[in-house]
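Undergrad: Here's a structure for you.
The values are calculated or read from the model by the stated rules, or taken from the named source; none is laboratory data. Every value quoted in this text rests on a predicted model; they were computed, and no experiment measured them. Positions of Cβ are generated from backbone atoms using ideal geometry, with glycine treated the same way; all protein chains shown enter the neighbour counts.
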Amino acid sequence: MIFAKFFALAGLAVLSVDGAAPSAIRKHRKVQDVTDLCITCDLCETLSDLCDLGAISDISDFACDLCTSLGDDGDIGSDTDDLVCFSEVATVQVLQKDMSEFAVPMKELQVGDKILTGMNQYETVYAFGHHNPTKFAKFYQIHNDNNNRPLEMTADHMLFLEGQKTPVSAASVRVGDVLHSAMGASKVTKVSSVERKGIYAPLTTGGKLLVDGVMASSYISLGNDNSVISDHNLIHMTLSSYRMVCSGISASFCDTNTYGEDGMPHFVQYGLRFLHWIKSCNVMVQAIASAALVVPAGFTFAWEMLFGASMGPLMAFVAAVAYTTYRKNNKSKAKLF
């Protein structure tokens, strides 16, 4: 029986996205004590009052089959899949027309707003990775000693820790970790969870933003801990063509009224599905599919880095016209001879 319960707990480390790829909720988050267990099982949406029991002497005595939302294979229900966002009450600093800053909650943020992403640095919200005001989700509440209000984000959304170049998932954050924030080092004092309606994931041109003073990524954790390219950089590179369309051609292509029923842009939705599919394949298929993704994405990203997201499409058009003209002139000269 003890072994059965142990393996039931171990099942919390194998969440699948779209039934295939492992999610960071279980890949990264290890149950270390009763508090961790309460937070994890609260995300199962069934035992939100578990912490009130207060009589768990041994974590191994907890049978995870009590979490009725867990399927026979240990997967969390589909309602939690791909919810990688901030809550509606999370705030960002928006640059106003008079050059002043104003704290705006996520539910009021709009495509085209310029938000604070660093010290006196602002970037445009060119789209949302997810924008669904009616969707309910469980959010981690990450309390820190530099802010009276916690940062609320879903388990797989990423944020930056002090001294680390690549972000980590919210599910991996522990009490005592030091967040990278606008107010200097911010020590995590408590991690809890809450359920709210409304999920929002603003995409900035640089892929980063300050949310409630904490430096966060615009992107999801794919669980590629040992990858040469971090999840943050991989997704940012993959979205380069989408950024150039939104920023250099027309923002109307990327406004929230063009999103699917789930509140996600079609480009982002299909892109995430492709990334998750790659992770579910064998090594050979992964290598081929990754090359097919990285090579064109790397080219468009290099183009964006060279000319910028707003000027990239125009320069691509100029280059295409110049090349076409060059080819026509060469054909004309060839006919003369």
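Undergrad: Could you grab me the full set of residues in segment 260-286 that are basic (Lys, Arg) and outside any helix (DSSP H, G or I)?
TA: Hits for segment 260-286: nothing passes.
Undergrad: Would you check if VAL321 is surrounded by fewer than 20 Cβ atoms within 10 Å (Cβ to Cβ), part of a helix (DSSP H, G or I), free of Cβ contacts under 8 Å to residues at least 24 places away in the same chain and not assigned by TED's automatic domain parsing to the domain that holds THR204? Write out each step before concluding.
TA: Working: surrounded by fewer than 20 Cβ atoms within 10 Å (Cβ to Cβ): yes; part of a helix (DSSP H, G or I): yes; free of Cβ contacts under 8 Å to residues at least 24 places away in the same chain: yes; not assigned by TED's automatic domain parsing to the domain that holds THR204: yes.
Considered against the rule, which asks whether it is surrounded by fewer than 20 Cβ atoms within 10 Å (Cβ to Cβ), part of a helix (DSSP H, G or I), free of Cβ contacts under 8 Å to residues at least 24 places away in the same chain and not assigned by TED's automatic domain parsing to the domain that holds THR204, VAL321 comes out as yes.
Undergrad: Is it the case that GLU152 is buried (at least 16 other Cβ atoms within 10 Å of the Cβ), acidic (Asp, Glu) and under 21 Å from GLY207 (Cα atoms)?
TA: Against the criterion (buried (at least 16 other Cβ atoms within 10 Å of the Cβ), acidic (Asp, Glu) and under 21 Å from GLY207 (Cα atoms)), GLU152 qualifies.
Undergrad: Would segment 235-256 turn up any residue that is more than 22 Å from VAL125 (Cα to Cα), in the same structural domain as TRP277 (by TED's automatic domain parsing) and among the hydrophobic types (A, V, I, L, M, F, W, C)?
TA: Step one: filter segment 235-256 for residues more than 22 Å from VAL125 (Cα to Cα), giving none.
Scanning segment 235-256, I find no residue that is more than 22 Å from VAL125 (Cα to Cα), in the same structural domain as TRP277 (by TED's automatic domain parsing) and among the hydrophobic types (A, V, I, L, M, F, W, C), so the answer is no.
Rundown of residues vs (1) among the aromatic types (Phe, Trp, Tyr); (2) buried (at least 17 other Cβ atoms within 10 Å of the Cβ), yes/no style:
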site: ALA103; (1), (2): no, no
site: GLN110; (1), (2): no, no
site: ASP113; (1), (2): no, yes
site: ASN120; (1), (2): no, no
site: ALA127; (1), (2): no, yes
site: PHE139; (1), (2): yes, yes
site: ILE142; (1), (2): no, yes
site: ASN146; (1), (2): no, no
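Undergrad: Out of the residues in segment 239-265 that are surrounded by fewer than 19 Cβ atoms within 10 Å (Cβ to Cβ) and over 28 Å from VAL318 (Cα atoms), which is nearest to the chain's Cα centre (by Cα)?
TA: Per the criteria, the residue is ASP262.
Undergrad: Determine whether PHE301 is touching a residue at least 24 places away in the same chain (Cβ under 8 Å) and more than 18 Å from ILE229 (Cβ to Cβ).
TA: When the stated conditions are applied, PHE301 does not pass them.
Undergrad: Picking from SER227, SER218, SER250, which residue would you name as being of a type outside the set (A, V, I, L, M, F, W, C), modelled with pLDDT of 90 or more and closer than 30 Å to ILE142 by Cα?
TA: SER218
Undergrad: If MET183 meets every condition in (1) of a type in the set (A, V, I, L, M, F, W, C); (2) surrounded by fewer than 24 Cβ atoms within 10 Å (Cβ to Cβ); (3) closer than 30 Å to GLU304 by Cβ apart from one, which number is that one?
TA: (3)
Undergrad: Would you confirm whether any residue within segment 287-295 is over 25 Å from LYS135 (Cα atoms), part of a helix (DSSP H, G or I), assigned by TED's automatic domain parsing to the domain that holds HIS180 and in contact (Cβ under 8 Å) with a residue 40 or more places away in the chain?
TA: yes
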